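The values are calculated or read from the model by the stated rules, or taken from the named source; none is laboratory data. Source: prediction; values computed, not measured. A quick note on method: Cβ atoms are made from the backbone with ideal geometry, for glycine too, and the neighbour counts reach across all protein chains shown. These area figures cover heavy atoms from the full protein model, side chains too; ligands, DNA and RNA do not enter into them. Shrake-Rupley method; radii C 1.70, N 1.55, O 1.52, S 1.80 Å.
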Amino acid sequence: MGAHTADATLAAVNVRRARRTELGPVFAMIRRARGGQLSEADIVEKATGYGYLSAELNERMIGIVAMLVENSIACARDLHAVSTSMRGLATVALMDAVEAEAGALACEAVIIQVSTGSTLIEALLRDRHYAPRSLAELRKAWREVAATQFEADVPLWVRNLREWR
């Protein structure tokens, strides 16, 4: 019965691309998650570089993730939830959407950058066959993409989609 309830809750989450008019709340969530540290230059770069997926429950945003596909690599970052209680549900729904888009585009891998200490998100990623990797451990083509898309001091989690299809 518990699994059925969890499935029904996940099924109630709608994930869609955030519209330009919704970027204010998206950036507010990122700013809050980063302890207020998000400069105007960061906002401009985020608004023009990545597309944002928004997870909604009962028409209320519960989580976001930024996504970009470059050279058959799906890059995801800024995975955040509105609250600790929504983190698991939002992460699962958003990663389902990221992986579905990456699969539809025949991507080789998904690389996601997750802040250090996000133990629940890390556990969910492990369950989904992601592995923590340093930039140096990545395949050359993946490393070239990751080096331009991610912050150097934040851990990367990688899933080779070709191994899990």
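DSSP assigns beta bridges within the chain; of those with both partners inside it, close to 85 percent run antiparallel.
Modelled spin labels at Thr84 and His129, positioned 7 Å past Cα toward Cβ, are 3.3 nm from each other. Taking every full run of DSSP H in the chain, the ones that stretch at least 27 Å from end to end by Cα along their long axis and average 0.0 or higher on the Kyte-Doolittle scale are 84-104.
The accessible surface of the chain, taken with every protein chain in place and a 1.4 Å probe, is 53 percent carbon and sulfur. Across the chain, Cα pairs under 8 Å and at least six residues apart give a relative contact order of 19 percent.
Which residue fluctuates most in the GNM of the chain (Cα springs below 10 Å): Ala18, Ala76, Ala66? Highest fluctuation of the listed residues: Ala18. Per residue, the solvent-accessible area of the chain (1.4 Å probe, heavy atoms of protein chains only, all protein chains present) comes to 53 Å². Under a model in which nothing but the beta-carbon of Lys, Arg (+1) and Asp, Glu (-1) is charged, the stretch 28-136 shows a dipole of about 380 debye around its Cα centre.
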